[in-house]
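A.B. asks: Dropping the structure in here first, questions after.
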Ligand SMILES: Cc1ncc(COP(=O)(O)O)c(C=O)c1O
Ligand SMILES: Cc1ncc(COP(=O)(O)O)c(C=O)c1O
C-alpha cells in the first residue's frame, strides 16, 4: 500500500494554519499529536447526540453513552492485546496512570525494598516514585546511560536483585527518541520477581504494542499523543495486580457499598475510575485508535523511519550540529544543539519560519544533566510530516545559525 | 429581562433528539448538564486551530494554547471571585479535587484529630475522607440529618471542637436538592480553627458563588455540570493552604527542579497540575461559564425556582408519591418514590416516554439508609427545561404507576 | 426443549406485540410466575453486585442440571429474570455454556442487558454462565 | 528620561524595522551592550524560576534608585533583557511600580513575554516589579 501523506494531511485541518505568515510545519508531535477531523467530530457528535453521565442511568441516553464508553475500552483492549477488558483503566493521562501505580504500592513497600528507574525518563516517571520512596523508605536505583544515551544493560544486571520490587522505564525516550530494550529488561526483572511498568507515552503512536506478548505488568499511554484528545489516557495492569493494589482516588463509581463505618470498593476497572470520567475524551480516544489502525501501524512505522533517516542526514549536513542519542534503535525524534548557540534561540527563530519544535529539557532534566547541557532542540516527527518540510527545516536552521553566531 | 427558554433551547442541539420515538425530555441535569453549541464549537476550534501542549513550548501554537488555557483560569477566578488566579487549580473533576485535599492533609493529621462530614454527601465527598482517616487514624464524625433530610445544626455544634481539623460538605445535595447552611457552618468551623471544604458540584450551576465572601477554605465543582465538557473541573484553595499541603500527583509541569536525589515542586497552581492537562476541556469550561453568565445566574435561578415549584406541585398531585427532602431551602431536584413501586421500574417506563430521570442511590447511599429506602427517582431540573415538559412528566408517571401497580 | 427452541419460542411470543406497553405488561405478568425465592436465600452471597434494583440468584446442581432461583425488588427486572430462567433453568452446564444470549436483543429488551451497571441483568447472565462453567468442571 | 519616554523611544526605534529579521538582529546587537554580570551573582537566589533559558536578575538599591543587572544563556532573551533594563534600570521604585509594560507588545515582542513558562521574561518583569515594591517599603 502506498502511504499517501498528501491525502492524510487533509484529515488534519490545523496543517493549513499560517504561523507568522508561513505555512505551519509541526515538528512537536512528541509533545502532542495533531487531531484528525474524525476524532474532532466524534466529540461534537457526543455532545450533540448522546451526552449523559454513564454507568448508573436507566435512561436511553445514559445507556448510549455507557455503551460507547465501554466500547472504547474494548477497542483499547484489542489494539494493545490485553487479556481482559477490565485490565484497561481509563485515566486522565500517562501521569495519572503512573501515579495510580506508585500510590497503589505504598502499602506493599518497605525499607528493604528497592525500585529501579532508568536514567532516560520523563519527570512523570521519576517524581511519583520519589514521592513513593520518601513515604516508604524504599530505595530508588537508577540505570545509568552510556555516552550515547543508551541504557547500560550490564549495569542494570548489577542493580537488579531479589530486593527489587518494581522496575519502571519508558519504551521510547521523549527527549532522545531512543527505544529501550524493554523485552530484555522485562525478562530479567521477572527472573527476580520484580514487576515492570512500561511508560508507553512515546511508543504507542509509533508501533503496535502487544501487551500479552510483552508480558509487561503495567503499561500506560496518553490519548493526546495518539491523535486523540487531551485529558485522557489509560493504564493497563495485569488483573491480579490491579485487584491487589489500593485505589488511588475515592469517589462515586469506584465503590460497591458505602456506609460511614465501612466502604467496600468496586471491582476493576471501576475501582480506579472514581468520579465522572472524561466520557467524550474516552470515546474520541477509541476513534483515534481506529483512525490510526486504518492507516496501519506498519505503514506508519515504515514511513516515519524513512522520514527520520532523511531528517538525520539533512541535519548532519549542518556544521556544528550535534545530535544526542544518535543510535540505531530509535524512533521519530532528533534532539540536537548547535555548538555555541542556546536551544531557545534556535526554537524562537524556527518559529518565525513557521516551524514548531520544542526546546529545553523536555521534562527530562536528568538526561540533560547526563550530557551536561541546559537543553536541546527537539524535532519530533510523525506520519503527517513530509520530506519537503524537512528541507525547509534544514534551511531554517541554517538561517537561524547564521543569525545567531 | 424575559428568560426566553425557547430560544435558549436552540443552543442545545441534543434537545431535538428522539428517544423511543418520543421527544427527549432531559431531567437528569444534576448528573450532567447538556452542552450548548458554543462550548462544543470551542473544542473543535481548539483542535482545528491551535492544539498544542502548553507551558513549555517556544512556538506560536504552544503560546496560543497556553494563553487560552490561562485565560480560562482567569475566567474561573473572576466568576467565583477568588482572590488570586493561582488559587484556581484545574482538575479532572470534583472527585479529583476532593482527593487532592484529602491526600494533601495526610501528613498534617494525627490520631487525635477529627474531621466532620455531613450526612448528606455524595460518595465522592465521603470515600476520600474515609481513606484518609484509615491512613492517619484520625476520626470521622457525621452531622446527622433530621427527619426531613436537613442537617441538624444543633448536632453539628455538639460535634465540632478544637480537635476538629476539617469540615467538608456539599453546598447542595445531589440526592435531594437541599441547600445546606454553609455560611453558618463555615463561620462556626472557623471559630474552632477548623478548615472547611465545600463541594459545589451541585450548586455552581444554580447560583453565583463568591468565594471571598463565603471565606471558604476549599471549594470545587465540575465543568460537566456547568454546561461544560466532561473530564474537567477545578479546585479552589486559599493560597497559603495550597502552598502548605502536599502535591497529589508527581510528574511533568509540577516540578521546578528534578535530580534523582532531590526534586523541588513548582509553585501553585502548577504544583497540583502534573502532566498534560485537559487543555481543550479547560478552554471549553471557560466558554461554558461565559455562556451561563450571558444568560445571567440571577435569571437562571429565578426561572429554575419557578420550575421547581411547579414540578413539586404537579408531582404532589399524584397519589402515593412521596418526596424526600421536601424542604424550603432547596434547588432544582425532586427525589421521590411511589409507595409499593421500585424506582428502577418507574425510571424504565419514563424512559419509554422519552423522559430521562435518574433512579437509585445517586451515589449517596447513606442518605438512602437514612430514609431506609433502596433508592429514589430523581428529577433534576435546569433552565433548559419547560413547564410543558413537567406536564408530560406528570402524565408519564401516572401511566407508569398504573402499569406497575 | 433445547435452549435454542425455548429462545425461538420467546422471540415468537414477543413478536406479536405491537408496542412496548404490551411487551412490558407481558413481562410484568411473567414476573408473577417466578418461583418464590426463600428469604434466607436472599443473602449477600447470592446478591448480584452493581445493580440498582437488587438481584439475587441462587444455583443448585442436581442430576447433571442446574436449578436456578432468582428474585429482584423491581418488577420489570423480575420479568426479565423470569424470561432468563424460562430459558436457562434445568439445563446442563454444557448446554448453558454453549448457548447464545442474543435472543434478548431479538426480543427487544437489549436496554435492560447492557453492561451499564444500573441494571444487574448483564451481571446475572454472566453469573449464570459462571455457574455453568463451575459445575461443568465437577 | 522617564520610563514612559524611554518606552516611546523604543517603540519608535522598532517601528522602523520592516520585518522580524531586522528586529531580531537588532535585539542580538542590543544583547551585546548589556553590562557583564559577575559570575558570582549568577547564583540560585538570582535565578528566575521556570525558564527554559536561565535568567538571572540582581537588584541593588542605591540613592533611591534600583540598579538592575541581569543575564541569560540565550541571546534573544538577553536582547530582551537589554530592552527591559534600558527602561527600568536606575529608576525609583515608585516609577517602576507605576509603569506599564505594554510597550513590549507594541514593539512586537509579545511572544517572549507570555505567561508561558518556557520563557522567563514574564517572571523577570514580575520580579522587577516585586523588587520595586520591596524597596518602596524601605
Ligand atoms: C454533590 C456531588 N459531589 C461530587 C460529585 C462528583 O462529581 P464528579 O463525578 O464530576 O467528580 C457529584 C456528581 O455527581 C455531586 O453531585
Ligand atoms: C515518556 C513520557 N512519559 C510521560 C509523559 C507524560 O504524559 P502526560 O503529560 O500525557 O501525562 C510524557 C509526555 O510528555 C512522555 O513523553
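Taken together, the values in this text are just the output of simple stated rules run on the coordinates, not laboratory data. Every value quoted in this text rests on a predicted model; they were computed, and no experiment measured them. Note: ideal-geometry Cβ built from the backbone for every residue, glycine included; neighbour counts use all protein chains shown.
A.B. asks: Rounded to the nearest 10 degrees, what's the angle between the helix B:37-49 long axis and the longest principal axis of chain B, both from Cα atoms, 0 to 90?
C.D. replies: Tilt of helix B:37-49: around 40 degrees.
A.B. asks: Also, quick follow-up: Given the Cα-Cα distance of residue A:5 and residue A:387 and 0.36 nm per residue of separation, how much length would full extension add, in nm?
C.D. replies: 136.5 nm
A.B. asks: A follow-up question, please. Given an 8 Å cut-off on Cα distances and at least 6 residues of separation, report the relative contact order of segment D:3-136 as a percent.
C.D. replies: 28 percent
A.B. asks: Does segment A:174-266 come out rounded, prolate or oblate by the C-alpha gyration tensor, with a ≥ b ≥ c the root eigenvalues, rounded set by a/c under 1.5 and, if not, prolate when a/b is larger than b/c and oblate if not?
C.D. replies: It comes out oblate by the Cα gyration axes.
A.B. asks: Ranked by Cβ crowding within 10 angstrom, fewest neighbours first, how are C:13, B:372, B:217, C:60 ordered?
C.D. replies: Exposure proxy ranking, most exposed first: B:372, C:60, C:13, B:217.
A.B. asks: Here's something else I'd like to know. Please report the relative contact order for segment A:69-141, taking Cα pairs under 8 Å with a sequence separation of at least 6, and give it as a percent rounded to a whole number.
C.D. replies: Once normalised by length, the contact order is 29 percent.
A.B. asks: Listed highest first by mean packing, meaning other Cβ atoms within 10 Å per residue, what order do A:232-238, C:86-92 come in?
C.D. replies: A:232-238, C:86-92
A.B. asks: Could you check the simple spin-label distance between residue C:63 and residue D:97, using points 7 Å along Cα→Cβ, in nm with one decimal?
C.D. replies: Distance between label points: 9.7 nm.
A.B. asks: Once the label point is set 7 Å along the Cα-to-beta-carbon vector, what list of distances in nm do you get between residue A:244 and its counterparts in the other copies?
C.D. replies: Reported distances to equivalent positions: 3.9 nm.
A.B. asks: Turning to a different aspect of this structure: Identify which of B:135, B:163, B:154 has the largest mean-square fluctuation in a Gaussian network model of chain B, with springs joining Cα atoms closer than 10 Å.
C.D. replies: In the Gaussian network model the winner is B:154.
A.B. asks: Right, another one. Can you bin chain A into rounded, prolate or oblate? Criterion: square roots of the alpha carbon gyration tensor eigenvalues sorted a ≥ b ≥ c, rounded for a/c under 1.5, prolate for a/b above b/c, oblate for the rest. All intermediate terms of the calculation are to be shown ahead of the outcome.
C.D. replies: Numbers: a/c = 2.09, a/b = 1.25, b/c = 1.67.
It comes out oblate by the Cα gyration axes.
A.B. asks: Now for a separate question. With each label point set 7 Å from Cα along the Cα-Cβ vector, what nm distance links residue B:152 and residue B:83?
C.D. replies: Result: 3.7 nm between the two label points.
A.B. asks: Please report A:96, B:370 as a ranked list, fewest other C-beta atoms within 10 angstrom at the top and most at the bottom.
C.D. replies: On the way: A:96 31, B:370 18.
Least to most surrounded, the residues fall as B:370, A:96.
A.B. asks: Right, something else. Return A:168, B:156, B:387, A:297 ranked ascending by Cβ neighbour count within 10 Å, so the fewest neighbours appear first.
C.D. replies: On the way: A:168 25, B:156 22, B:387 12, A:297 17.
So the ranking, lowest neighbour count to highest, is B:387, A:297, B:156, A:168.
A.B. asks: Taking each residue in A:212-224, count the Cβ atoms of any other chain within 10 Å of its Cβ, then average. What number comes out?
C.D. replies: Details: counts 0, 0, 0, 0, 0, 0, 0, 0, 0, 0, 2, 1, 7.
Shielding by partners across A:212-224 averages 1.
A.B. asks: Further, regarding this structure: By how many degrees, between 0 and 90 and to the nearest 10, does the Cα long axis of helix A:297-316 differ from the longest principal axis of chain A?
C.D. replies: With both axes taken from Cα atoms, the answer is about 40 degrees.
A.B. asks: Copy-to-copy spacing for residue B:373, label 7 Å out on the Cα-to-C-beta vector, in nm, shortest first?
C.D. replies: Spelled out, the distances from residue B:373's label point are 6.7 nm.
A.B. asks: Mind checking the mean number of beta-carbon atoms from other chains within 10 Å of the Cβ atoms in A:62-69?
C.D. replies: For peptide A:62-69, the averaged partner shielding equals 5.
A.B. asks: To continue, here is another question. So, by mean Cβ neighbours within 10 angstrom, what's the order for C:16-22, A:97-103, C:102-108 with the highest one leading?
C.D. replies: Working: C:16-22: 11.7, A:97-103: 27.0, C:102-108: 16.6.
Order by mean packing, descending: A:97-103, C:102-108, C:16-22.
A.B. asks: Related question: Could you calculate the contour length gain from residue A:395 to residue A:294, that is, 0.36 nm times the residue separation minus the distance between their Cα atoms, to one decimal place in nm?
C.D. replies: Working: separation 101, 0.36 × 101 = 36.36 nm, distance 3.38 nm.
The span from residue A:395 to residue A:294 would gain 33.0 nm if fully extended.
A.B. asks: Shape of segment C:3-136 from its Cα gyration tensor (a ≥ b ≥ c, root eigenvalues): rounded if a/c is under 1.5, otherwise prolate when a/b > b/c, or oblate?
C.D. replies: Oblate, since a/c reaches 1.5 and b/c is not below a/b.
A.B. asks: For segment B:220-273, what is the relative contact order in percent, using Cα pairs closer than 8 Å and at least 6 residues apart in sequence?
C.D. replies: Reported as a whole number, the value is 24 percent.
A.B. asks: 222 nm [θ] for chain D, helices only, -39500 (n - 2.57) per DSSP H run of 4+, per residue, to 500? Could the numbers behind the result be given before it?
C.D. replies: On the way: 6 runs with 69 residues, N = 138.
Value at 222 nm, helices only, nearest 500: -15500 deg cm²/dmol.
A.B. asks: What value does segment A:265-405 have for Rg/Rh, both radii from Cα atoms and Rh as Kirkwood defines it?
C.D. replies: Rounded to two decimals, Rg over Rh is 1.09.
A.B. asks: Rank A:58, A:287, A:357 by mean-square fluctuation in a GNM of chain A with C-alpha springs under 10 angstrom and give only the top-ranked residue.
C.D. replies: Checking each option, the largest mean-square fluctuation is seen for A:58.
A.B. asks: Between residue A:246 and residue B:16, what is the label-point separation in nm under the 7 Å Cα-to-beta-carbon projection?
C.D. replies: 5.1 nm
A.B. asks: Against the longest principal axis of chain B, how steep is helix B:182-191, in degrees 0 to 90 to the nearest 10, with axes from Cα atoms?
C.D. replies: It is inclined by approximately 40 degrees.
A.B. asks: Within 10 Å of each Cβ of B:13-20, how many other protein chain Cβ atoms are there on average?
C.D. replies: 4
A.B. asks: For residue A:162, which inter-copy label distances result when the label point lies 7 Å beyond Cα on the Cα-to-Cβ vector, reported in nm to one decimal and in ascending order?
C.D. replies: 5.3
A.B. asks: Next question. So what is log10(I(q)/I(0)) for the protein assembly as shown at q = 0.09 1/Å, when the Debye sum runs over its Cα atoms only?
C.D. replies: -1.09
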